[in-house]
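The values are calculated or read from the model by the stated rules, or taken from the named source; none is laboratory data. What you see is a predicted model, and the numbers here were worked out from it, not measured in a lab. We place every Cβ from the backbone using ideal geometry, glycine too, and count neighbours over all the protein chains shown.
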Amino acid sequence: MSTDFTSLNKACPKHFYRLPCLVRLVDGSAGHEVFDFMDASRGYHQIKMCPEDEGKAAFITEYRLYWWKVMPFGLKNAGATYQRMVEAIFAT
């Protein structure tokens, strides 16, 4: 299912979050024997929506009203939120 978040994205301010430096990422992985790549689609769907924001991303079908419980693709600030979460995980 695809949801058009154009109106919601226009109403929300953009949260900028700088991408990490590629050289720092490569240097930080030196010496490790195992590398793993996170699946971004599964990662996005691990971030819970704030309960007060769930209704903002709701959509209606002919049968009922649905709303996201986790962060969907298509939200303007989803990338910055995801990157912030990933860096927080690796900082610990």
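Quick notes
- Of the residues making up the range 43-92, just one is aromatic (Phe, Trp, Tyr), assigned to a loop (DSSP other than H, G, I, E, B) and within 9 Å of the chain's Cα centre (by Cα), namely Phe73.
- Pairing residues of the range 45-65 that are under 17 Å from Lys10 (Cα atoms) with residues that are in a helix (DSSP H, G or I) and not β-branched (Val, Ile, Thr), at Cβ distances under 8 Å and at least 6 apart in sequence or on separate chains, gives Lys56/Leu8; Ala57/Leu8.
- Taking every residue in the range 1-12 that is modelled with pLDDT of 85 or more and pairing it with any residue that is assigned to a helix (DSSP H, G or I) and of a type in the set (Lys, Arg), at least 6 positions away or on another chain, the pairs with Cβ-Cβ distances below 9 Å are Leu8/Lys56; Ala11/Lys56; Cys12/Lys56.
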